[in-house]
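The values are calculated or read from the model by the stated rules, or taken from the named source; none is laboratory data. The shown structure was predicted, so the numbers you read here are calculated from the model rather than taken from an experiment. FYI the Cβ positions are ideal-geometry reconstructions off the backbone, even for glycines, and counts take in every protein chain you see.
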2 protein chains.
Amino acid sequence: MLDAGARRLGRCHNALVTALLTDTYQLTMAYAYWRNGTHDRRAVFELFFRANPFQGEFTVFAGLEEALRFVSNFEFTERDVEYLKSTPVGENMEDEFFEFLLGLDASEVRVYAQKEGSVVFPRVPLLRLEGPLATVQLLETTLLCLVNYASLLATNAARHRLVAGQNAMLLEFGLRRAQGVDGGVSASRYAYLGGFDATSNVEAGRQFGIPIKGTHAHSYVQSHAGWGCVKNPKLVAADGSVCEDFPALVLEKMKSLEAIRDDMEVDLRWSETNTSELAAFTSYALAFPNAFLALVDTYNVLQSGLPNFCAVALALRELGYAAVGIRLDSGDLSYLSKRSRAFLRNIERLLGTKIADNLSAVSITASNDIHEEVLYSLRQHGHEIDAFGIGTHLVTCLKQPALGCVYKLVEVDGTPRIKLSEDIGKVTIPGCKNGYRLFSQTGEAIVDVMTRVGEPVPKVGERMLCRHPFMESKRAYVVPSKVAPLFDLVWDGARGVDPQVDLSLETSRARCKESIRQLRADHLRYTNPTPYKVSVSASLYDFIHDLWLAEAPVGELR
Amino acid sequence: MLDAGARRLGRCHNALVTALLTDTYQLTMAYAYWRNGTHDRRAVFELFFRANPFQGEFTVFAGLEEALRFVSNFEFTERDVEYLKSTPVGENMEDEFFEFLLGLDASEVRVYAQKEGSVVFPRVPLLRLEGPLATVQLLETTLLCLVNYASLLATNAARHRLVAGQNAMLLEFGLRRAQGVDGGVSASRYAYLGGFDATSNVEAGRQFGIPIKGTHAHSYVQSHAGWGCVKNPKLVAADGSVCEDFPALVLEKMKSLEAIRDDMEVDLRWSETNTSELAAFTSYALAFPNAFLALVDTYNVLQSGLPNFCAVALALRELGYAAVGIRLDSGDLSYLSKRSRAFLRNIERLLGTKIADNLSAVSITASNDIHEEVLYSLRQHGHEIDAFGIGTHLVTCLKQPALGCVYKLVEVDGTPRIKLSEDIGKVTIPGCKNGYRLFSQTGEAIVDVMTRVGEPVPKVGERMLCRHPFMESKRAYVVPSKVAPLFDLVWDGARGVDPQVDLSLETSRARCKESIRQLRADHLRYTNPTPYKVSVSASLYDFIHDLWLAEAPVGELR
């Protein structure tokens, strides 16, 4: 049982996260262990992945806070057991087993983990769990579910941030296309962790304190059929005075813009912009004089949306309000953003700063089917976009919608277990291991190295042989200037969550940024990044290969 | 307000499905409508998609039950409003607006929908919502979120069923790789709807009454280090007699198998199969003598797993139990399944039916990275697989992880709205519409046709001109033998959910099967399927094009 004073985390926001949120075979295995009297053998499992996603060379670890919530609350209720008994699977199980299930919790389990938000690499465990065989086995599926998507999404977000640059504002807009409700809400959370600035998802904003952002849709513009749809024309100016007819002021500005038509560098008939769109912008500005951001592509950006925006922005300015900006949701975003910026500069120049001060500095948001590659291409071709709204590609991780984390047994009762495979990438590294990140003098991460538990900790200034786990010829001596242990004991059996562990989203977000900053640029670059080295100590290398030899399979048939 | 006797559905299982599970811009738009006095204008929105997923020519509509739960419970709570007020977005809103939000529900909204589980096609609305502009706008994002993934997943499942054939058992194994908890649970639900037989996900089994299935993992085998790990050797036979040492019986069977070694068609050293694996199978059989299904590829299928399985199966048989089967989780599934079946047949033949009756009829399950294309290839190359466990590709819809449902305004206060676009595929079909599926004499679906509300219903035996909505030359006369209306009024304002509507999962699952059966084979085939025709009536065609002309944009700049 958990200690009375154990630090436990509250239940997961999703009521579906129960002990039954698992694969049936975890329960059948638990039963077989129990029936066989081996359920209490001391097992060590590791949760890790074999390849970085998105053809990249790094991954951001996320989902730890949710995983620990699950571990904190792990138990089988009477209701769970009743359900199990009612299934054909449960019919094959003895009643005493259900009693056993009802008594289970994670008080005999220890969880070691890398830090949430940190950069992680293939084969180095994200989590190591130690405890009774049946219990630790029962945790597998849920932990994988909670870590896989969280880490995939955080990595995807971090990759978008890298290619967009630190100054761009990145907005997560994916709820409508997410894989289920939780897919949407988790996406907002882990996009923020990975470096996004805000989400459109209000519920996620509430759950996790993420800034929320949004303006209006095409339907808002379409719902307006001319000026008849603007029913409340009065606007209180910033200084408290009242403008009785804001639409009239907008039309006046439209005329002043038409007057400079000949000096503009585009051939534009101001009188032929879409009136319904102008009415929609006007009504929106009436509602949000302080936060006027207009979607300008419902009809035609350069011939209608942008001119209409300018008229409203100038009217707002006359009343002491600064327009926020425009949003582009279609077309060639590089071209349209540059043309839009030039157009705004032109007006500012022609009308003078008194009338159009800062008009050209408004924010340009782009939001049509944007993904990493689009951001990369925009960077190549130049653009004038300040903020990107990114949806489908981000939240569904369209480029690679699953991270292949696995959960492998590495030790039972102190005896190491190795999983062999004809595919060398699938051979597991046996036994309980420690892990360290070694840094160069300039503070760059050089290598992650795994050692056997009990080996001395790598020392600053002392050279250490780092070996590829499977390829004999790949090895190098490293003299670290800093050594950071990778694993923390985050869940300590009956004592619960280590009180030192800070699981807040803001901390993980800051850690993600810092952890990526410590990587060499060639590991991070978009095209053909260099793999970061993951190695084992000489002692662990020998251990792996001795065990491999001992467990060599019988002759191959083909 | 909803009527006292209104049929409402219970809250969604996920507590995150609130009125705030939406994009911020829905709230800013709602505010702007309210501020502008246009929030009560009568709007019609349609939810539809523009292209079938997975390079296919059909989609299965799913998510309606969840959507109606959301509509049933749609309301802003004090807590929601408090959160909104605390955000920068809410700071720009007047207090009276929050009062307005607190009074909102779906009692003035009508929802028309196609039937859950039925086959649907591009541009024909899945849902049509009518009601106050601000209210119906506020429902958008959540409805999209609930319908998009559900329909995508059900379609993916149905496609797997089509290529696997009606006799294969299809098992959803995707929880660990799903995009979040809900992604996993929804995947199980909609995979079942689309034609899967069972899930590994126990929680989904409980929530939706889906059969659960599972056996054991590699870790179970690995956790055994020799016979020392089998601590409880006693097994009660089917007739109630007791076998005191089941492992000894297994070893005896192993010897009897070794005796026929020279007559087997493979060169197999029975004494060299992996002992730990044999011990693991034995302990698993001790736990599940009635349900023994062994994962046979931990070491080597043909040299170890399969022979070990046979020894245990024969021992079980002697005690009156029939082994269920084997699972293959790696390698060439076509080859291994055929070799395995031949091996089992061989033993059955050599030992005779008295000892090995039905051994060759055990089930072969395959479960390694299976997807539609693998199933297609297996069908081409032949196989002996009875059941497929399908995970990542199914639940993340790896081939296309998002369905692009959109939600478009088509009418305000009785005035049709059209959304134009340079991309003809993105032009919306304006106005409130009806839809019908026309069938041939043989019961095949020929065409879906949309008409204007108020037009006569297409009549059986009467020819009707069906036109492509945008291409003048594409049109044909159809004489239907059966006419099925596509839309039902499922949510009738204050009266709630139509009591006639059966939203049960089993009904939707049966409907899916039947609805696919009504399609011609060429629409369903895996390679280059023929598009199913979606058309409009002559009257609707003229209406679209008149409106298009009237709203033609000002001249193009590029």
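For the list (1) within 14 Å of another protein chain (Cβ to nearest Cβ); (2) in contact with a Ser or Thr (Cβ under 6 Å, 6 or more places away or on another chain); (3) closer than 30 Å to residue B:21 by Cα, I need the number of the one condition that residue A:24 fails.
Tallying (1) within 14 Å of another protein chain (Cβ to nearest Cβ); (2) in contact with a Ser or Thr (Cβ under 6 Å, 6 or more places away or on another chain); (3) closer than 30 Å to residue B:21 by Cα, residue A:24 fails exactly one: (3).
Mind listing whichever residues of segment B:199-230 are out of contact with any Gly (no Cβ under 6 Å at 6 or more places or on another chain), part of a loop (DSSP other than H, G, I, E, B) and hydroxyl-bearing (Ser, Thr, Tyr)?
B:215, B:223
Which residue, of B:93, B:29, B:1, is in a loop (DSSP other than H, G, I, E, B), within 9 Å of chain A (Cβ to nearest Cβ), more than 28 Å from the chain's Cα centre (by Cα) and among the aliphatic types (A, V, I, L, M)?
Only one candidate qualifies: B:93.
For segment A:3-58, which positions are free of Cβ contacts under 8 Å to residues at least 12 places away in the same chain, within 20 Å of residue A:413 (Cβ to Cβ) and surrounded by fewer than 18 Cβ atoms within 10 Å (Cβ to Cβ)?
A:37
Got a sec? Which of B:411, B:372, B:384 is in contact with a Lys or Arg (Cβ under 9 Å, 6 or more places away or on another chain), within 14 Å of chain A (Cβ to nearest Cβ), of a type in the set (D, E, K, R) and surrounded by 15 or more Cβ atoms within 10 Å (Cβ to Cβ)?
On the way: B:372 fails: within 14 Å of chain A (Cβ to nearest Cβ); B:384 fails: within 14 Å of chain A (Cβ to nearest Cβ).
The match here is B:411.
Could we say that residue A:117 is surrounded by 23 or more Cβ atoms within 10 Å (Cβ to Cβ) and on the phi > 0 side of the Ramachandran plot here? It would help to see each step written out before you state the result.
On the way: surrounded by 23 or more Cβ atoms within 10 Å (Cβ to Cβ): yes; on the phi > 0 side of the Ramachandran plot: yes.
Taking the combined requirement at face value, the residue satisfies it.
Which residue, of B:451, B:442, B:415, is under 23 Å from residue B:26 (Cβ atoms) and in the same structural domain as residue B:29 (by TED's automatic domain parsing)? Show your work before the answer.
Values: B:451 fails: under 23 Å from residue B:26 (Cβ atoms); B:442 fails: under 23 Å from residue B:26 (Cβ atoms).
Residue meeting the stated conditions: B:415.
Which residues, taken from segment B:134-172, are acidic (Asp, Glu) and either in the same structural domain as residue B:98 (by TED's automatic domain parsing) or in a helix (DSSP H, G or I) (or both)?
Of segment B:134-172, the ones acidic (Asp, Glu) are B:140, B:172.
Hit for segment B:134-172 is B:140, nothing else.
Please verify whether segment A:488-499 includes one or more residues that are out of contact with any strand residue (DSSP E or B) (no Cβ under 7 Å at 6 or more places or on another chain), surrounded by fewer than 18 Cβ atoms within 10 Å (Cβ to Cβ), of a type in the set (Gly, Ala, Ser) and in contact (Cβ under 8 Å) with a residue 40 or more places away in the chain.
yes
Is it true that some residue in segment A:239-251 is of a type outside the set (S, T, N, Q), facing chain B (nearest Cβ under 7 Å) and under 24 Å from residue B:413 (Cα atoms)? If you could, list the steps in order and put the result at the bottom.
Initially, segment A:239-251 is screened for residues of a type outside the set (S, T, N, Q), giving A:239-240, A:242-251.
Now narrow it down to the ones that are facing chain B (nearest Cβ under 7 Å): none.
The answer is no; no qualifying residue exists.
For segment A:382-474, give me every one of the strands (runs of 3 or more DSSP E) that falls completely inside it and has 2 or more residues that are under 26 Å from residue A:137 (Cβ atoms).
Working: elements: A:387-390, A:406-412, A:433-439, A:445-452, A:464-467.
Strands (runs of 3 or more DSSP E) meeting the threshold: A:406-412, A:433-439, A:445-452.
In segment A:114-168, how many are within 19 Å of residue A:376 (Cα to Cα) and within 12 Å of another protein chain (Cβ to nearest Cβ)?
Within segment A:114-168, the subset within 19 Å of residue A:376 (Cα to Cα) is A:153-168.
Filter once more, keeping what is within 12 Å of another protein chain (Cβ to nearest Cβ): A:153, A:156.
Residues in segment A:114-168 being within 19 Å of residue A:376 (Cα to Cα) and within 12 Å of another protein chain (Cβ to nearest Cβ): 2 in total.
State whether one or more residues within segment B:448-464 are at positive phi and among the polar types (S, T, N, Q).
no
Could you count how many residues in segment B:174-194 are within 8 Å of chain A (Cβ to nearest Cβ), within 14 Å of the chain's Cα centre (by Cα) and outside any helix (DSSP H, G or I)?
Summing the residues that are within 8 Å of chain A (Cβ to nearest Cβ), within 14 Å of the chain's Cα centre (by Cα) and outside any helix (DSSP H, G or I) in segment B:174-194 gives 1.
Go through the residues of segment B:363-377 one by one and say whether even a single one is part of a strand (DSSP E or B) and in the same structural domain as residue B:152 (by TED's automatic domain parsing).
no
In segment B:417-452, which residue that is hydroxyl-bearing (Ser, Thr, Tyr) and either more than 20 Å from residue A:296 (Cα to Cα) or modelled with pLDDT of 90 or more (or both) is surrounded by the fewest Cβ atoms within 10 Å (Cβ to Cβ)? Give the steps one after another, and end with the answer.
Going residue by residue through segment B:417-452, those that are hydroxyl-bearing (Ser, Thr, Tyr) are B:421, B:428, B:436, B:440, B:442, B:451.
Among the residues that remain, those that are also either more than 20 Å from residue A:296 (Cα to Cα) or modelled with pLDDT of 90 or more (or both) are: B:436, B:440, B:442, B:451.
Working: B:436: 22, B:440: 16, B:442: 8, B:451: 19.
Filtering segment B:417-452 for residues that are hydroxyl-bearing (Ser, Thr, Tyr) and either more than 20 Å from residue A:296 (Cα to Cα) or modelled with pLDDT of 90 or more (or both), the one surrounded by the fewest Cβ atoms within 10 Å (Cβ to Cβ) comes out as B:442.
Only one of these is at the interface with another protein chain (Cβ under 9 Å from one of its Cβ atoms) and either part of a loop (DSSP other than H, G, I, E, B) or under 29 Å from residue A:183 (Cα atoms) (or both): B:14, B:52. Name it. Before you say what the answer is, go through the steps one by one.
Details: B:52 fails: at the interface with another protein chain (Cβ under 9 Å from one of its Cβ atoms).
Just one listed residue meets the conditions, B:14.
Residue by residue through segment B:313-343, note down the ones that are touching a strand residue (DSSP E or B) at 6+ places or on another chain (Cβ under 8 Å), more than 24 Å from residue B:369 (Cβ to Cβ) and surrounded by 22 or more Cβ atoms within 10 Å (Cβ to Cβ). It would help to see each step written out before you state the result.
Of segment B:313-343, the ones touching a strand residue (DSSP E or B) at 6+ places or on another chain (Cβ under 8 Å) are B:319, B:323-329, B:333, B:336-337, B:340-341.
Now drop any that are not more than 24 Å from residue B:369 (Cβ to Cβ), which leaves B:319, B:323.
Within segment B:313-343, just B:323 meets the criteria.
Return the residues of segment B:195-212 that are over 15 Å from the mean Cα position of the chain (by Cα) and either facing another protein chain (nearest Cβ under 7 Å) or closer than 21 Å to residue B:284 by Cα (or both); say none if nothing qualifies.
Matches in segment B:195-212: B:202, B:203, B:206, B:212.
Just for segment A:59-83: of the residues that are of a type in the set (Phe, Trp, Tyr) and surrounded by fewer than 23 Cβ atoms within 10 Å (Cβ to Cβ), which one is nearest to the other protein chains (Cβ to nearest Cβ)? Working first, answer last.
First, the residues of segment A:59-83 that are of a type in the set (Phe, Trp, Tyr): A:61, A:70, A:74, A:76, A:83.
Still in the running and surrounded by fewer than 23 Cβ atoms within 10 Å (Cβ to Cβ): A:74, A:76, A:83.
Numbers: A:74: 14, A:76: 11, A:83: 5 Å.
Of everything passing the filter in segment A:59-83, A:83 is nearest to the other protein chains (Cβ to nearest Cβ).
Could you say which residue among B:215, B:275 is surrounded by 13 or more Cβ atoms within 10 Å (Cβ to Cβ), under 43 Å from the mean Cα position of the chain (by Cα) and more than 9 Å from chain A (Cβ to nearest Cβ)?
Working: B:215 fails: more than 9 Å from chain A (Cβ to nearest Cβ).
Going through B:215, B:275 in turn, just one is surrounded by 13 or more Cβ atoms within 10 Å (Cβ to Cβ), under 43 Å from the mean Cα position of the chain (by Cα) and more than 9 Å from chain A (Cβ to nearest Cβ): B:275.
Select from segment B:57-113 the residues that are under 30 Å from residue B:511 (Cβ atoms) and among the charged types (D, E, K, R) and list them in ascending order.
First, the residues of segment B:57-113 that are under 30 Å from residue B:511 (Cβ atoms): B:57-74, B:105-113.
Within segment B:57-113, B:57, B:65, B:66, B:69, B:105, B:108, B:110 qualify.
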